[in-house]
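Coordinate-derived values only; no laboratory data. Worth saying up front: this structure is predicted, and the values here are computed from it rather than measured. We place every Cβ from the backbone using ideal geometry, glycine too, and count neighbours over all the protein chains shown.
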Amino acid sequence: MAKSAASNEKFAVEVQLFTDGACSGNPGPGGWAFVLRHPATGKEIERSGGEELTTNNRMELMAVVQGLTALTRPTNVELLADSVYVGKGLSEWMPKWKANGWRRKDGSKWAPVKNDDLWKQLDQLIAQHQLIFTHVAGHSGHVENERCDELAVAAYQKYLGRR
């Protein structure tokens, strides 16, 4: 679950994690990317990757998982992403899924959580950090979000035409 420091403490962001996922076809070839920035030093790392057959939601999650995996110690992280799926998942859905054994209601029946493998990884990773989520509008000129989108699209393009 996205969490922040107790209300009487100031949440001091140590790193900013910008993420994005992209998919051609949904399902189809997909890519993920992140930019991890340490504002105090200005140091940044960029990484991206892709899969031949995936969904946009999986790539959005993979970007966050990969970005948090790049951290080497517990850190105060501001996650900035255009994914409502990731934001709601962290703040609203994940606590309910966990309480229900990683199941969700589908009508009157229980169904497995979609992408539960990545949500479970994300759950383990955020337990190591203090995390706040900031939604950014996609394709609105936000420099880092545009960069992540560019990297994610480039990551899946090598899979185009293989299917």
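Here are the numbers for the structure shown:
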| quantity | calculated |
| --- | --- |
| The chain - mean residue ellipticity at 222 nm from DSSP helices (-39,500 (n - 2.57) per run, n ≥ 4, rounded to 500) | -9000 deg cm²/dmol |
| Alpha-carbon Debye profile of the range 38-163, log10 I(q)/I(0) at 0.12, 0.16, 0.18 Å⁻¹ | -0.52, -0.90, -1.10 |
| Beta bridges by DSSP in the range 15-157, antiparallel share as percent, to the nearest 5 | 65 |
| Label point distance in nm, residue 111-residue 92, each placed 7 Å from Cα along Cα→Cβ | 1.7 |
| Spin-label model distance (nm) - residue 44 vs residue 84, 7 Å beyond Cα toward Cβ | 2.8 |
| Positive-end residue, the range 15-157 charge dipole about Cα centroid, Cβ charges, pick of 124, 87, 50 | 124 |
| GNM result for the chain, Cα springs below 10 Å: residue of 102, 32, 110 fluctuating most strongly | 110 |
| Computed FRET value (nearest 0.05) for residue 160 with residue 139, which takes r as the C-beta separation and R₀ as 22 Å | 0.60 |
